[in-house]
Amino acid sequence: MTTISENSKNLDMALSNDRARVLKSLVLSDTLFSFATRAAAYAVLLLLAGIIISLIVGAWPAMKAFGFEFLVTERWAPQLEPEPVLGALAPIYGTLVSSFIAMLIAVPFGLGIAIFLTELCPHSIRRPIRLAIELLAGIPSIIYGMWGFFVLGPFLANYIEPSIVAAVVNIPVLNSIFSGEMVSNLSLFNASLILAIMILPFITAIAVDVFSTVPPVLKEAAYGIGCTTWEVVNNVVLPFTRVGVVGGVMLALGRALGETMAVTFIIGNSFKITGSIFAPSTTISAAIASEFAESEGLHQSALILLGLLLFVLTFIVLATARFMLMRLEKRAGA
Amino acid sequence: MASYAARRRNSTFIMGLCLAATGIGVVWLFLILYSLLINGIPGLTLAVFTEMTPPPGEHGGGLLNAIFGSLLMTIIGVGIGAPIGILAGTYLAEYGRHSKITPVIRFINDILLSAPSIIIGLFVYGAVVVPMRSFSAVAGSIALAVIVIPVVVRTTEDMLLLVPNTLREAASALGLPRSFVIRRVAYRAARAGLITGVLLAVARVGGETAPLLFTVLSNQFWSANLLKPMANLPVTINNFINNPDANWKQLAWTGALLITAAVLSLNITARFFGASKDGR
Amino acid sequence: MKFSTLIAAGFALAASVSVAFAEDISGAGATFPYPIYSKWADAYKKVSGVGLNYQSIGSGAGRKQIQAKTVTFGATDIPQKEEYLNTNGFVQFPMVMGGIVAIVNLEGVAGGDLVLDGDTLAKIYLGKVKTWDDAAIATLNPKSKLPSLPIIVIRRSDGSGTTFNFTTYLSAVSADFKKSVGAGEAVEWPVGIGAAGNAGVAANVMQTKGSIGYVEYAYATQNGLAWTDMVNSAGKRVKPNLSSFKAAAAKGDWANAKNFYLILANSPGEASWPMMATTFILMYAQPSDPAASSAALKYFDWAYSNGAKMAEDLDYVPMPDSVIAQVRSAWKGIAK
């Protein structure tokens, strides 16, 4: 009798020992894993901090040397003796103008495609069309640059732009915006058009997503009182999704502002503000891409300062975009 | 109010414009693919995969060193970035779901997701290239990892949030510790989504050029030394386009075709992977 | 867990690969001599098994790389002054000389069809001569029928020795150019599209109708671009070729050039080509990696002894034997 109870006691003790060991190892791996995930999450914050700090450290000499003047100086003379004169005006101008023109082209197209996909498109071809548009976003930037350089640029310069120039040659203002003095493969406008193609999928994808948050009952009600398709889109879908659409447009703008390789190939790398969109220009990212590898001293610091400006600019735009999209999500969730 | 017929006409006209926009939007993809195929296929020989990049003015040669370098750096970049991304995404969706810091991290991650990749290049130049005093494949891989992280964080979080809580509750009720619930249950349920995220990240960095320009540079020869500049496809294409040499131009087109084919098929695979699970 | 094993395996693999790997010579800089450097590198690799990883990123970038010690040698087409060499502890020596040509992309115009003089070229690069049928070009080329196309000026966007030598020439022949632009490796061009490297300029001229650019001669001949003849300082029309380059190079007084500081622009002589450049190598006198440094010197020594024929095939002018002897004695200043 006693032996049996002792045996079972031993077994119990052995089991509980085992359990304790197993539990202990579980607790350990549990803690480790939870710690690892937390560390990784904080690493994301550190990454942003690291980017900002390294940019500020790198840009500091240029900030000290040029101060606010940097933003309003057009001259870019890195080799000037004894001290270089460097100003960000030309690349800022090129960045803003190229993104603006790209948005001007891409927003109507993107929204048009989204309206077609959500309101008109037969179900069977909706997915292939969406896929085709979204694959545009997958094509690497350098491929766009190459295609723009070899195909689109020469096509525009040889067949399209001369007739635009000829059409407006006697109209004041327009003839300086579309000046024929420098029409070539490489220009601000050609870069803008490539940018427009590149951001089109972002606008379309987000617009399709936010359009589909419109409760069907709203649209059905509008159709029910005899609205045409356009009236439903214009009076129900667009007002309901305005915040989201603007958010998507801002997100695309953030992309356009920072796009590098495609633009570097076809904008012509010229630090001159000419006022003509058919003239070569430069952008912040193109200036960095084409000059950074060989820069030194103040020149390099000024390029990093350009990078910092670009980061701040895109940060503001992207943050606004996310804010708007978040508001929409909250509303959709509520 | 205008007559119904006029309103109908107006609507039809605008919808016609939308249809035209769609046509024009889709046509770009085919124009670009057409150029790539027409110009890339003539150079698509076995030598592209077996020979090194040639000096200018020579015939023949291939892209072997560049393809190898791109594969290696992408693997290392994703190898570093994906685990960090998955862990961070796990924190956002599981441990930190109700933490105050989570929305902040998510917001910052979304910013990083769309941050210009040239900025990442500047960052890695300052943080890795300058201290190491050398352009290197390591620096390039780190730059790619920095781009991978936000992509994977985002998809991981999204996918884990799709896993029904009842699964987690059931597993917890069996007495499984939290980390087991996540690793054995939530990961398994979201596996297709997680793989999709990693594939999309690979597709994203596969063609990245800007962050490599001043982190790895490139290399005319074969090099497998991670601490030295290494040949890679995007920068090689960049250099070859910027050159009048006909042989280089041909190789650039062929390289561009290869990259695009790889990136687009990854995109499509990832999409079908994700879609097949969504539909379940 | 799986990922961590993957990473570990990846690093182990990479480490094992890098151990087995033989060291290449690394250099960076001027794009002007790149065609001949890469040709030499290929031939040298066949005889010695040692490769040369030369990054053709521009003279300015090359100097930056050698200062940052990321490469064993830097290459620049701009002779560096004594002060710069001493502060950085560099030894400088010339490698090869060559000619710069203007290239144009006009329908029906082949190499040598057009002729330009320094003043007209300066006016084009100042944006004062804007179309191809401008009187300045027409009087020089009475027999050619020139279109009324705008001139698309292509110039370098990077710090460039070719630009330095080109603008030194233009400043020598045009007071206007000297005053408003001046000589330098990255000047403030009043007009034009910026392209990276000699190759970038050539690629852009090839791609753009009505354009003009300036490149090292090999870039023009290898790619079938139309170069122009020039009127030289003696007022004679000369064609760019090895003999006019050699005639110009022969005017260089290397024996009296300290640290080989010599600029060959607008050389006198009836047969001389006016736009020349010499490309130089910069190396540390006290290298941090003496093994890499002597491997590079071995390569240069080989190139001096065996590379002249290859250089002439590409229309570069090899350094005369007397200069090579001078260089070899200068190498004694580099620690082994």
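The values are calculated or read from the model by the stated rules, or taken from the named source; none is laboratory data. These figures come from a predicted structure and were not determined experimentally. A quick note on method: Cβ atoms are made from the backbone with ideal geometry, for glycine too, and the neighbour counts reach across all protein chains shown. Accessible surface is based on the protein model in full, side chains and every heavy atom, while ligands, DNA and RNA are left aside. Shrake-Rupley method; radii C 1.70, N 1.55, O 1.52, S 1.80 Å.
Where the second residue is open to solvent by 10 Å² or more (accessible area, probe 1.4 Å) and at pLDDT 95 or above and the first is within 7 Å of chain A (Cβ to nearest Cβ) and assigned to a loop (DSSP other than H, G, I, E, B) and lies in region C:149-163, which pairs have Cβ atoms under 9 Å and are six or more apart or on separate chains?
Pairs found: none.
Looking at region B:131-161, which of its residues are outside any helix (DSSP H, G or I) and within 13 Å of chain A (Cβ to nearest Cβ)?
First, pick out the residues of region B:131-161 that are outside any helix (DSSP H, G or I): B:133-136.
Across region B:131-161, the qualifying residue is only B:Phe135.
Output the residues belonging to region A:161-188 that are open to solvent by 20 Å² or more (accessible area, probe 1.4 Å), assigned to a helix (DSSP H, G or I) and either touching a strand residue (DSSP E or B) at 6+ places or on another chain (Cβ under 7 Å) or more than 14 Å from chain C (Cβ to nearest Cβ) (or both).
Here is the first cut: in region A:161-188, the ones open to solvent by 20 Å² or more (accessible area, probe 1.4 Å) are A:162-167, A:169-183.
Okay, now just the ones that are also assigned to a helix (DSSP H, G or I), so A:162-167, A:174-177.
Listed by number, the residues that qualify are A:Ser163, A:Ile164, A:Ala167, A:Leu174, A:Asn175, A:Ser176, A:Ile177.
With the requirement that a residue be touching a residue at least 60 places away in the same chain (Cβ under 8 Å), open to solvent by 20 Å² or more (accessible area, probe 1.4 Å) and hydrophobic (A, V, I, L, M, F, W, C), what does region C:60-90 give you?
Hits for region C:60-90: nothing passes.
With (1) touching a residue at least 12 places away in the same chain (Cβ under 8 Å); (2) buried (at least 22 other Cβ atoms within 10 Å of the Cβ) as the list, and B:Val128 as the residue in question, which single condition is left unmet?
If we test B:Val128 against (1) touching a residue at least 12 places away in the same chain (Cβ under 8 Å); (2) buried (at least 22 other Cβ atoms within 10 Å of the Cβ), just (2) comes out false.
Among (1) part of a helix (DSSP H, G or I); (2) in contact (Cβ under 8 Å) with a residue 12 or more places away in the chain; (3) buried (at least 23 other Cβ atoms within 10 Å of the Cβ), where does C:Met230 come up short?
For C:Met230, the failing item is (1).
Do you know which of the residues in region A:255-274 that are of a type in the set (Ser, Thr, Tyr) and in contact with a Pro (Cβ under 8 Å, 6 or more places away or on another chain) is nearest to A:Ile177 (Cα to Cα)?
Residues of region A:255-274 of a type in the set (Ser, Thr, Tyr): A:260, A:264, A:270, A:274.
Narrowing further to those that are in contact with a Pro (Cβ under 8 Å, 6 or more places away or on another chain): A:260, A:270.
Details: A:Thr260: 24, A:Ser270: 17 Å.
So the residue we want is A:Ser270.
Only residues that are open to solvent by 40 Å² or more (accessible area, probe 1.4 Å) and either of a type in the set (Gly, Ala, Ser) or under 16 Å from the mean Cα position of the chain (by Cα) (or both): list them for region C:309-321, please.
Listed by number, the list holds a single entry, C:Glu312.
Regarding region C:199-219, can at least one residue be identified that is among the polar types (S, T, N, Q), in contact (Cβ under 8 Å) with a residue 24 or more places away in the chain and away from chain A (no Cβ under 14 Å)?
Checked region C:199-219: no residue is among the polar types (S, T, N, Q), in contact (Cβ under 8 Å) with a residue 24 or more places away in the chain and away from chain A (no Cβ under 14 Å).
Within the set of pairs 6+ apart or on separate chains, which have a first residue in region A:180-195 that is farther than 19 Å from C:Met206 by Cα, a second that is open to solvent by less than 10 Å² (accessible area, probe 1.4 Å) and in a loop (DSSP other than H, G, I, E, B), and C-beta atoms under 6 Å apart?
Correct list of pairs: A:Leu188/A:Ser281; A:Phe189/A:Phe278; A:Ala191/A:Ile267.
Within region A:213-233, is even one residue small (Gly, Ala, Ser), modelled with pLDDT of 95 or more, more than 17 Å from A:Ser187 (Cβ to Cβ) and in contact with a Phe, Trp or Tyr (Cβ under 9 Å, 6 or more places away or on another chain)?
From region A:213-233, those small (Gly, Ala, Ser) are A:221-222, A:224, A:226; that's our starting set.
Okay, now just the ones that are also modelled with pLDDT of 95 or more, so none.
No: zero hits.
What is the residue count in region C:20-64 for residues that are touching a Gly at 6+ places or on another chain (Cβ under 6 Å) and in a strand (DSSP E or B)?
3
Which of the residues belonging to region B:162-182 are surrounded by fewer than 17 Cβ atoms within 10 Å (Cβ to Cβ) and either part of a helix (DSSP H, G or I) or charged (D, E, K, R) (or both)? Talk me through it step by step, then tell me what you get.
Let us first name the residues in region B:162-182 that are surrounded by fewer than 17 Cβ atoms within 10 Å (Cβ to Cβ), namely B:162, B:164-167, B:169-170, B:172-175.
Those that are surrounded by fewer than 17 Cβ atoms within 10 Å (Cβ to Cβ) and either part of a helix (DSSP H, G or I) or charged (D, E, K, R) (or both): B:Leu162, B:Asn165, B:Thr166, B:Leu167, B:Glu169, B:Ala170, B:Ser172, B:Ala173.
Quick check on region A:235-275: of everything there that is open to solvent by 20 Å² or more (accessible area, probe 1.4 Å) and outside any helix (DSSP H, G or I), which residue is farthest from the other protein chains (Cβ to nearest Cβ)?
A:Gly275
Quick test for you: out of B:Ala186, B:Ala190, pick the one residue that is out of contact with any strand residue (DSSP E or B) (no Cβ under 9 Å at 6 or more places or on another chain) and more than 14 Å from chain A (Cβ to nearest Cβ). If you could, list the steps in order and put the result at the bottom.
On the way: B:Ala186 fails: more than 14 Å from chain A (Cβ to nearest Cβ).
When all the criteria are applied, what remains is B:Ala190.
Yes or no, residue by residue, for (1) within 14 Å of chain C (Cβ to nearest Cβ); (2) within 18 Å of the chain's Cα centre (by Cα):
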position: A:Ile288; (1), (2): yes, yes
position: A:Glu294; (1), (2): yes, no
position: A:Leu309; (1), (2): no, yes
position: A:Thr314; (1), (2): no, yes
position: A:Ala319; (1), (2): no, yes
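Can you name the residue in region A:73-95 that is under 25 Å from the mean Cα position of the chain (by Cα) and away from chain C (no Cβ under 13 Å) and, of all such residues, is surrounded by the fewest Cβ atoms within 10 Å (Cβ to Cβ)?
Step one: filter region A:73-95 for residues under 25 Å from the mean Cα position of the chain (by Cα), giving A:87-95.
Of the ones still in play, those that are also away from chain C (no Cβ under 13 Å) are A:88-89, A:92-93, A:95.
Values: A:Ala88: 25, A:Leu89: 16, A:Ile92: 22, A:Tyr93: 20, A:Thr95: 28.
Only one residue fits best here, namely A:Leu89.
Starting from residues that are in contact (Cβ under 8 Å) with a residue 40 or more places away in the chain and of a type outside the set (A, V, I, L, M, F, W, C), keep the ones in region A:96-111 and report whichever is farthest from the other protein chains (Cβ to nearest Cβ).
If we take residues in region A:96-111 being in contact (Cβ under 8 Å) with a residue 40 or more places away in the chain and of a type outside the set (A, V, I, L, M, F, W, C), then A:Ser98 is farthest from the other protein chains (Cβ to nearest Cβ).
What number goes with the only condition from (1) open to solvent by 10 Å² or more (accessible area, probe 1.4 Å); (2) at the interface with another protein chain (Cβ under 10 Å from one of its Cβ atoms); (3) not β-branched (Val, Ile, Thr) that A:Ala114 does not pass?
Of everything listed in (1) open to solvent by 10 Å² or more (accessible area, probe 1.4 Å); (2) at the interface with another protein chain (Cβ under 10 Å from one of its Cβ atoms); (3) not β-branched (Val, Ile, Thr), A:Ala114 misses just condition (1).
Could you list, in sequence order, the residues of region A:135-158 that are closer than 26 Å to B:Arg271 by Cα and open to solvent by 40 Å² or more (accessible area, probe 1.4 Å)?
A:Ala137
Determine which single condition C:Ile57 fails, assuming it passes every other condition in (1) within 16 Å of C:Ala285 (Cα to Cα); (2) crowded, with 24+ Cβ neighbours inside 10 Å.
(1)
Mind checking which residues of region B:101-121 are in contact (Cβ under 8 Å) with a residue 60 or more places away in the chain, more than 14 Å from A:Leu46 (Cα to Cα) and in a helix (DSSP H, G or I)? Show your work before the answer.
Step one: filter region B:101-121 for residues in contact (Cβ under 8 Å) with a residue 60 or more places away in the chain, giving B:116-118, B:120-121.
Now restrict to residues that are more than 14 Å from A:Leu46 (Cα to Cα): B:116-118, B:121.
Passing the criteria: B:Ser117, B:Ile118, B:Gly121.
Residues being assigned to a helix (DSSP H, G or I) and open to solvent by 40 Å² or more (accessible area, probe 1.4 Å): count how many of those fall in region A:50-72. Before you say what the answer is, go through the steps one by one.
Of all residues in region A:50-72, those assigned to a helix (DSSP H, G or I) come to A:50-66, A:69-72.
Filter once more, so that each one left must be open to solvent by 40 Å² or more (accessible area, probe 1.4 Å): A:52-53, A:56-57, A:60-61, A:63-65, A:69, A:71-72.
Counting residues in region A:50-72 that are assigned to a helix (DSSP H, G or I) and open to solvent by 40 Å² or more (accessible area, probe 1.4 Å) gives 12.
Could you grab me the full set of residues in region A:28-67 that are more than 8 Å from chain B (Cβ to nearest Cβ), aliphatic (A, V, I, L, M) and in contact (Cβ under 8 Å) with a residue 24 or more places away in the chain?
A:Ile52, A:Ile56, A:Ala59, A:Ala62, A:Met63, A:Ala65
Which numbered condition in (1) under 25 Å from B:Val138 (Cα atoms); (2) open to solvent by 10 Å² or more (accessible area, probe 1.4 Å); (3) of a type outside the set (Gly, Ala, Ser); (4) assigned to a helix (DSSP H, G or I) is the only one that B:Val205 fails?
If we test B:Val205 against (1) under 25 Å from B:Val138 (Cα atoms); (2) open to solvent by 10 Å² or more (accessible area, probe 1.4 Å); (3) of a type outside the set (Gly, Ala, Ser); (4) assigned to a helix (DSSP H, G or I), just (2) comes out false.
Considering every residue within region B:35-55, establish whether at least one is on the phi < 0 side of the Ramachandran plot, without any contact (Cβ under 8 Å) to a residue 12 or more places away in the chain, open to solvent by less than 20 Å² (accessible area, probe 1.4 Å) and more than 14 Å from chain C (Cβ to nearest Cβ).
Yes, the conditions are met somewhere in region B:35-55.
Just for region C:178-198: of the residues that are assigned to a helix (DSSP H, G or I) and surrounded by 24 or more Cβ atoms within 10 Å (Cβ to Cβ), which one is nearest to the other protein chains (Cβ to nearest Cβ)?
C:Gly197
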